[in-house]
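Asks: First, the structure itself, so that you have it in front of you.
The values are calculated or read from the model by the stated rules, or taken from the named source; none is laboratory data. All figures in this text were calculated on a predicted structure; none of them were measured in a lab. Here the Cβ positions follow ideal geometry from the backbone for every residue, glycine too, while neighbour counts run over all protein chains shown. The accessibility values were calculated without ligands, DNA or RNA, using every heavy atom of the protein model including side chains. Shrake-Rupley method; radii C 1.70, N 1.55, O 1.52, S 1.80 Å.
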Amino acid sequence: MSNGLKQQAFQVRYGLGAVVAVVASLAVGVLVDPNLTFRVSYAVSFVVLAAVGLAIIFGIMGVINLAHGEFILLGAYATTLSAVKGGLPLPLAMGVGALVTALFGLTVERVVISGFVPNWIGRRTVGRDLITPFYDRLADSMVATFGLSLIMTQGARIVFGNSIEQIGVPFGSTAGYPDYRIALVGVAAGVLALVYVLFTQTTFGTRVRATMQDEETAKALGVDTERVYMVTFAIGSGLAGFTGALFAPLLSMQPTLGDQFLVEAFVAVVVGGASVVVGTSLSGLLLGPVDALFSDQFGEFAGRIALLFAAMLALRFLPGGITGVVDRVRDRIEEGS
Amino acid sequence: MTVLALEDVTVGYDTPVLRGIDLAVEEGEIVGVVGKNGVGKTTLLKTAMGLLEPTEGTVTYDGRDVTDDPPDVRAREGIGYIPQGRDIFPGLTVEQNLQMGEHVGGDSDVTRYEEVYDLFPVLEERADQDGGTLSGGQQQMLAIGRALVGDPDLLLLDEPSEGVQPSIVDRISEDIRAINDELRTTVLFVEQNLGVIRTMADRCYAIDRGEIADELTGPELTDEDAIAQYLAV
Ligand SMILES: Nc1ncnc2c1ncn2[C@@H]1O[C@H](COP(=O)(O)OP(=O)(O)O)[C@@H](O)[C@H]1O
Ligand SMILES: [Mg+2]
């Protein structure tokens, strides 16, 4: 068998294997202890949904968006306001939340991350660029987006006060557990599947990965790499907004609601490594239960500490994150066969 | 008709590497550029592609001033670029690598998969394999195929023989001649291998000390010493 086919067979075999294993343990779990199963699956989905937007932006652009939590805040507020004040049905309001955040992200990319707008102005006034793009400048991008997160939190406080009216939780409950949270587990799986298809099975995805691997060559082959980054940032932001929209009925609407998401997302990306789908889903499966267990036993704060501790362990023992481990295991198996 | 022209081009990084370069490539030609390591051959091709901006002078493509056009625009207008060291995308499959070349010459909707697979059957056999798993010679074929798929009018080729087995080197030079013959693709290439220069070039510029030192045509191209003086270290 050729290497390429082997690789594909590996992905299909183990990818499907992993999905089957997860579904099977869910089925068993539901029969044995439905409430615990729901709690753990929800915790996993929380990590996945919190992280996916951040992971895309980090994995593809090398930018850590510390305003990620505030992008989620924006999605949650836009959803809540268009449902409560605008009277939109919830699914539509969630679409608005995701879209508003995607457009906001697009603006941030043009004005801050790529420096397009300031440089456009700079070239026409002082005759030179004013800032260097933040692509692949981890520390600088963290400083810039941290500033943005402070502005957004304070901005929300000034405009909307310390809290806004909340949307009620839709649906009933099963085995003492809210159906809405169970539905979120399915949504998380769906989001991962969509992201996987977008980045591996479409022409756009191929262009994005080419840009990631060798920007100069991609450009020389006619790819507008600026636009690739711009769209990628908008997609990552839109997903953050969608996460905010999904959790809007479950959270109290305060300007600081993004904090809990940022911690989990940041840890998940550190633990997951560069691969968006594999990394995010595996670190969700690892961190979700850790968070659920510690939070259950010792409260939310302990859960947060446990996560950070897990991240430190991961940094120490898994350079390259889970993605790196998966790659090494795959190489080992391929050599063996 | 002149396909590509550099007029009085000065270009470099912090300090100029090339100064006052005048060079023209006519439609249907295969033009070589020779010169020692580090003399600025790659710099020259990158300037033609738009990856580097000259500090002085102009670059014209198809009769239009493209000095300010970014590389992706030039690619879509029909310039195919094959970087030194090949630079295929290692994590994309062979087929996806080729797909990335479809934007080259973007305005014409022609794709040349059949011709590319005829020239390099190994690419079809290994279509689903990751580019990074190919041998050096196969990666060079992939890089050439990728630049050809979108049907470019001009091919910029940076040291195709570098790091490729001698037996494959001859094949690749003949392939480039065939491409030029059959697809009417104009070629500007950079090379240090005498054999490749002699098989491929209709005409040849020699760069020395940042300037065009000589232009070799016809019989001079078969005169080893005439070329070798610009290659010796
Ligand atoms: N990215 C770069 N930054 C600074 N100097 C460079 C860079 N690339 C090449 N140079 C310098 O420019 C000169 C010409 O390089 P190059 O065009 O690659 O030469 P050649 O292709 O003929 O071997 C060399 O002296 C090299 O050190
Ligand atoms: Mg070179």
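Asks: Within segment A:230-257, track down each residue that is under 26 Å from A:GLY205 (Cβ atoms), open to solvent by less than 20 Å² (accessible area, probe 1.4 Å) and of a type outside the set (Gly, Ala, Ser).
Replies: Scanning segment A:230-257 gives A:THR232, A:PHE233, A:THR243, A:LEU246.
Asks: Same structure, new question: Write out, first by first residue and then by second, each pair whose Cβ atoms fall under 8 Å of each other, whose residues are 6+ apart or on separate chains, and whose first residue, in segment B:116-145, is charged (D, E, K, R) while the second is open to solvent by 10 Å² or more (accessible area, probe 1.4 Å) and part of a loop (DSSP other than H, G, I, E, B).
Replies: Listed pairs, sorted by first residue: B:GLU125/A:SER2; B:ARG126/A:SER2; B:ARG126/B:LEU134; B:ASP128/A:SER2; B:ASP130/B:PRO90; B:ASP130/B:GLY91.
Asks: I'd like the full set of residues that are within 14 Å of another protein chain (Cβ to nearest Cβ), assigned to a helix (DSSP H, G or I) and in contact (Cβ under 8 Å) with a residue 12 or more places away in the chain, limited to segment B:39-56.
Replies: B:THR42, B:THR43, B:LEU45, B:THR47, B:ALA48, B:MET49
Asks: Taking the stated definitions as given, is A:GLN260 open to solvent by 10 Å² or more (accessible area, probe 1.4 Å) and within 25 Å of A:ALA183 (Cα to Cα)? Before you say what the answer is, go through the steps one by one.
Replies: Values: open to solvent by 10 Å² or more (accessible area, probe 1.4 Å): yes; within 25 Å of A:ALA183 (Cα to Cα): yes.
Here the answer is yes, as A:GLN260 does meet what is asked.
Asks: So if I check each of A:ARG209, A:ARG227, which one is within 14 Å of chain B (Cβ to nearest Cβ), open to solvent by 40 Å² or more (accessible area, probe 1.4 Å) and under 20 Å from the mean Cα position of the chain (by Cα)? Steps first, please.
Replies: Values: A:ARG227 fails: under 20 Å from the mean Cα position of the chain (by Cα).
Testing whether each residue is within 14 Å of chain B (Cβ to nearest Cβ), open to solvent by 40 Å² or more (accessible area, probe 1.4 Å) and under 20 Å from the mean Cα position of the chain (by Cα) leaves just A:ARG209.
Asks: Out of everything in segment B:74-92 that is at the interface with chain A (Cβ under 8 Å from one of its Cβ atoms) and in a helix (DSSP H, G or I), what residue ends up being nearest to B:LEU45 (Cα to Cα)?
Replies: B:ALA75
Asks: Follow-up. Out of A:VAL187, A:VAL223, A:VAL169, which single residue is touching a His at 6+ places or on another chain (Cβ under 7 Å), more than 16 Å from A:VAL276 (Cα to Cα) and either modelled with pLDDT under 90 or not aromatic (Phe, Trp, Tyr) (or both)?
Replies: Numbers: A:VAL187 fails: touching a His at 6+ places or on another chain (Cβ under 7 Å); A:VAL169 fails: touching a His at 6+ places or on another chain (Cβ under 7 Å).
Answer to the check: A:VAL223.
Asks: Hey, another quick one. Only one of (1) away from ligand 1 (no atom under 14 Å from the Cβ); (2) part of a strand (DSSP E or B); (3) modelled with pLDDT under 95 fails for B:VAL59. Which number is that?
Replies: (3)
Asks: Same structure again: Of the residues A:GLY186, A:GLY236, A:GLY244, which is away from every other protein chain (no Cβ under 14 Å), assigned to a helix (DSSP H, G or I) and more than 21 Å from A:HIS68 (Cβ to Cβ)? Break it down stepwise before answering.
Replies: Details: A:GLY236 fails: more than 21 Å from A:HIS68 (Cβ to Cβ); A:GLY244 fails: more than 21 Å from A:HIS68 (Cβ to Cβ).
So the residue among A:GLY186, A:GLY236, A:GLY244 that is away from every other protein chain (no Cβ under 14 Å), assigned to a helix (DSSP H, G or I) and more than 21 Å from A:HIS68 (Cβ to Cβ) is A:GLY186.
Asks: Still on this structure, I have one more. Check off (1) open to solvent by 10 Å² or more (accessible area, probe 1.4 Å); (2) away from ligand 1 (no atom under 16 Å from the Cβ); (3) away from chain A (no Cβ under 12 Å) for B:GLU159 and give me the number that stays unchecked.
Replies: (2)
Asks: Are there any strands (runs of 3 or more DSSP E) wholly within segment B:121-233 with 3 or more residues that are over 15 Å from the mean Cα position of the chain (by Cα), and if so which? If you could, list the steps in order and put the result at the bottom.
Replies: On the way: elements: B:154-158, B:186-190, B:203-208, B:211-217.
Answer list for segment B:121-233: B:203-208, B:211-217.
Asks: Shifting gears a bit: Among the residues of segment A:117-142, what is the count of those that are within 29 Å of the chain's Cα centre (by Cα), surrounded by 13 or more Cβ atoms within 10 Å (Cβ to Cβ) and hydrophobic (A, V, I, L, M, F, W, C)?
Replies: 4
Asks: When you go through A:LEU74, A:LEU36 one by one, which is the residue that is surrounded by fewer than 22 Cβ atoms within 10 Å (Cβ to Cβ) and either in a helix (DSSP H, G or I) or not polar (S, T, N, Q) (or both)? I'd like the intermediate steps shown before the answer.
Replies: Details: A:LEU74 fails: surrounded by fewer than 22 Cβ atoms within 10 Å (Cβ to Cβ).
One residue alone meets the criteria, A:LEU36.
Asks: Further question on the same structure: Among (1) open to solvent by 60 Å² or more (accessible area, probe 1.4 Å); (2) more than 8 Å from every other protein chain (Cβ to nearest Cβ); (3) under 29 Å from B:THR10 (Cα atoms), there is one condition B:ASP118 misses while meeting the rest; what is its number?
Replies: (3)
Asks: Pull up segment B:14-27, narrow it to residues that are in contact (Cβ under 8 Å) with a residue 12 or more places away in the chain and open to solvent by 20 Å² or more (accessible area, probe 1.4 Å), then point me to the one that is farthest from ligand 1 (Cβ to nearest atom).
Replies: The extreme case among them is B:GLU27.
Asks: Given the criteria open to solvent by 30 Å² or more (accessible area, probe 1.4 Å), more than 14 Å from chain A (Cβ to nearest Cβ) and more than 16 Å from ligand 1 (Cβ to nearest atom), does B:GLU124 qualify?
Replies: Numbers: open to solvent by 30 Å² or more (accessible area, probe 1.4 Å): yes; more than 14 Å from chain A (Cβ to nearest Cβ): no; more than 16 Å from ligand 1 (Cβ to nearest atom): yes.
Criteria not met by B:GLU124.
Asks: Give just the number: which of (1) farther than 20 Å from B:VAL169 by Cβ; (2) assigned to a loop (DSSP other than H, G, I, E, B); (3) of a type outside the set (Phe, Trp, Tyr); (4) more than 16 Å from ligand 2 (Cβ to nearest atom) does B:GLU95 not satisfy?
Replies: Every listed condition holds for B:GLU95 apart from (2).
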